[in-house]
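Undergrad: Here you go, one structure.
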Amino acid sequence: MAVIGQFPLLSEVKRRTIRAPVNPLDKSTIVSIFPKFISERKHTIQPGVFEIQPGTYEHPSLLIVGPSSWWKEIDENQPLLEIPHSSIQIADSVVKDYCNGLLGCDMASNMPGLFFIPGEINEEQLKKDHKESLDSALVKQKNWYYALVRMADALWSRSMGNPLTISDEMKLAARDLNLINKEWLKDSQTMDLVRCAACGHLKNPAYPVCSNCKNITDPAKAKALGLVFAQ
């Protein structure tokens, strides 16, 4: 900061972002039964870092949030104007901004088990007074999981077993639904990819045909499997 002697310039004092006193009762609780760490960062507000630990239906993760503010510039001769947002607005934004970008999430019946409750509550109060919301989140999360598994099955089939088409959320969904026999759930297959000699596309060596260029990369295996190709 530029100073004249021991004092900052008046223009710089006006540009400081100094928050007004915060209402200590303005709090909301973000609830997560999604077994994955969530980190939401919003660089235009203060506070703007929200980290939610993995949770389960039995032991939900709780994050208490308060109000945040952003600053609007009026002109260079006036201080920055603080625009506060309530804890409810902040909690709603954290949930929506995270879920909206997820594959298969429709923000209605298929979405992660992430929601918020106005006010500050603990796990005991959540299970006692908001069990309906907790049960609803579990149903929505399971619906989302099943949608992800169906997508994974289709992608696995269309890519002829390319494990790069399977996301971490798909694997998490299969494990949480106890669908551990899914072939695409085997992480070891990621290391078995080989390049097609014709086009260089990564492929699963267990399949004798390249999914990209349709070249028969292993005629012996194709013959052993009884595959017949059009001439």
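The values are calculated or read from the model by the stated rules, or taken from the named source; none is laboratory data. Bear in mind the structure is a predicted one, so any value in this text is a computation, not a measurement. All Cβ positions, even for glycine, are placed from backbone atoms using ideal geometry, and neighbour counts span all protein chains on display. All accessible areas refer to the heavy atoms of the entire protein, side chains included, with ligands and DNA or RNA removed. Shrake-Rupley method; radii C 1.70, N 1.55, O 1.52, S 1.80 Å.
Undergrad: Taking region 42-78, which residues are hydroxyl-bearing (Ser, Thr, Tyr) and open to solvent by 40 Å² or more (accessible area, probe 1.4 Å)?
TA: Thr44, Thr56, Tyr57
Undergrad: Of all residues being modelled with pLDDT under 80, assigned to a helix (DSSP H, G or I) and of a type outside the set (A, V, I, L, M) in region 174-226, which is farthest from the chain's Cα centre (by Cα)? Just the residue, please.
TA: Applying the filter and picking the extreme gives Lys223.
Undergrad: Restricting attention to region 148-173, and to residues there that are modelled with pLDDT under 95 and among the basic types (Lys, Arg), which single residue is farthest from Ile38 (Cα to Cα)?
TA: Checked region 148-173; the qualifying residue farthest from Ile38 (Cα to Cα) is Arg158.
Undergrad: Report the residue count in region 1-31 for those that are farther than 23 Å from Gln78 by Cβ, among the polar types (S, T, N, Q) and either modelled with pLDDT of 65 or more or open to solvent by less than 70 Å² (accessible area, probe 1.4 Å) (or both).
TA: So the answer is 3.
Undergrad: Ok, one more. With respect to the numbered conditions (1) in a loop (DSSP other than H, G, I, E, B); (2) small (Gly, Ala, Ser); (3) open to solvent by less than 30 Å² (accessible area, probe 1.4 Å), which one is the sole condition not fulfilled by Ala152?
TA: Among (1) in a loop (DSSP other than H, G, I, E, B); (2) small (Gly, Ala, Ser); (3) open to solvent by less than 30 Å² (accessible area, probe 1.4 Å), the lone unmet condition for Ala152 is (1).
Quick grid of which residues meet (1) in contact (Cβ under 8 Å) with a residue 24 or more places away in the chain; (2) under 19 Å from the mean Cα position of the chain (by Cα); (3) under 30 Å from Cys196 (Cα atoms):
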{"position": "Asp106", "(1), (2), (3)": "no, yes, no"}
{"position": "Leu114", "(1), (2), (3)": "yes, yes, no"}
{"position": "Gln125", "(1), (2), (3)": "no, no, no"}
{"position": "Lys128", "(1), (2), (3)": "no, no, no"}
{"position": "Ser133", "(1), (2), (3)": "yes, no, no"}
{"position": "Trp144", "(1), (2), (3)": "yes, yes, no"}
{"position": "Lys171", "(1), (2), (3)": "no, yes, yes"}
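Undergrad: Given the conditions (1) open to solvent by less than 40 Å² (accessible area, probe 1.4 Å); (2) polar (S, T, N, Q); (3) in contact with a helix residue (DSSP H, G or I) (Cβ under 6 Å, 6 or more places away or on another chain), report the number of the one that Ser109 does not fulfil.
TA: (1)
Undergrad: Just give me the residues in region 112-137 being assigned to a loop (DSSP other than H, G, I, E, B) and open to solvent by 30 Å² or more (accessible area, probe 1.4 Å), in sequence order.
TA: Correct list: Glu120, Asn122, His130.
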